[in-house]
1. Please get the size of the charge dipole for region 1-134, origin at its Cα centre, with Cβ charges of +1 on Lys and Arg and -1 on Asp and Glu, quoted in debye to the nearest 20.
2. Counting DSSP beta bridges in the chain, what percent are antiparallel, to the nearest 5?
3. Would you mind putting 48-57, 108-117 in packing order, based on average other-beta-carbon counts within 10 Å, highest first?
4. Assuming a strict under-18 Å limit between Cα atoms, what lysine pair count do you get for the chain once near-sequence pairs (fewer than 8 apart, same chain) are dropped?
5. Apply 1/(1 + (r/R0)^6) to the Cβ-Cβ distance of residue 98 and residue 157, taking R0 = 25 Å, and write down the FRET efficiency to the nearest 0.05.
6. For region 1-64, with equal point scatterers placed on the C-alpha atoms only and solvent neglected, what are the log10 I(q)/I(0) values from the Debye formula at q = 0.21 1/Å, to two decimals?
7. What is the calculated FRET efficiency for residue 119 to residue 3, with r their C-beta to C-beta distance and R₀ = 35 Å, to the nearest 0.05?
8. With an 8 Å cut-off on Cα pairs and a minimum separation of 6 or more residues, tell me the relative contact order of the chain in percent.
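Throughout, read-outs are computed from the coordinates displayed, never taken from laboratory work. In this text, all values refer to a predicted model and were calculated from it rather than measured experimentally. Positions of Cβ are generated from backbone atoms using ideal geometry, with glycine treated the same way; all protein chains shown enter the neighbour counts.
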Amino acid sequence: MQTLKQYFPDLTESQLERFERLQPLYQEWNARINVISRQDIENLETRHILHSLAIARIVSFRPGAEILDLGTGGGFPGIPLAILFPEVRFTLIDGTGKKITVVREVAEALGLDNVIPLHCRAEMLKKDASFDFVVTRAVASLDKLYLWSKRLLKKKHVHSYPNGVLALKGGNLSAEIAALPGNGRQYTELFPITDFFSDPWFEEKWVVYVQG
């Protein structure tokens, strides 16, 4: 966890201990239910944990905030963010049951009582479900993410950015942005992750903010 401590020097002993346990937990579960590629499991700290935490460089979630991780897969970015923000509630959803099984077991093993894993899709969430932000990683195009997320965002804003979508994306995103409602006039910001973390793996990877 030396890289993690380099970028997040204020982590508590409890947080560091939980981050350190992620590697063996995911190795154990990946041998039973494949949710992470073999190459990526060997680079978990950079390609999954640190990548997820790039979102925290954009918005520092306030205590009591509610965040939805849409299409969480094996628990990213939700689980690393839940470790970093223990006073924030994270709802992690995915349409694949076996992936949510892994999320549930990892969260329970770490004692993360601020993680709510649900086997469902965004359109299946109750009408009164509401969140400050929707976070996601490599799930769908921005226009689809915005369409699924908009009804789920709270009207009241309490963070430095108005409530919206924070998506981890890669490559050239000009076509995706242009496809957003209003021919791309929906307020959007792109943050290159190389501005936060120096590893070359983050080249042409972004945190994308779309205002709700």
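1. 340
2. 40
3. So the order, starting with the most tightly packed, is 48-57, 108-117.
4. Lysine pair count for the chain: 9.
5. So, using R0 = 25 Å, E works out to roughly 0.10.
6. -0.93
7. 0.60
8. 17
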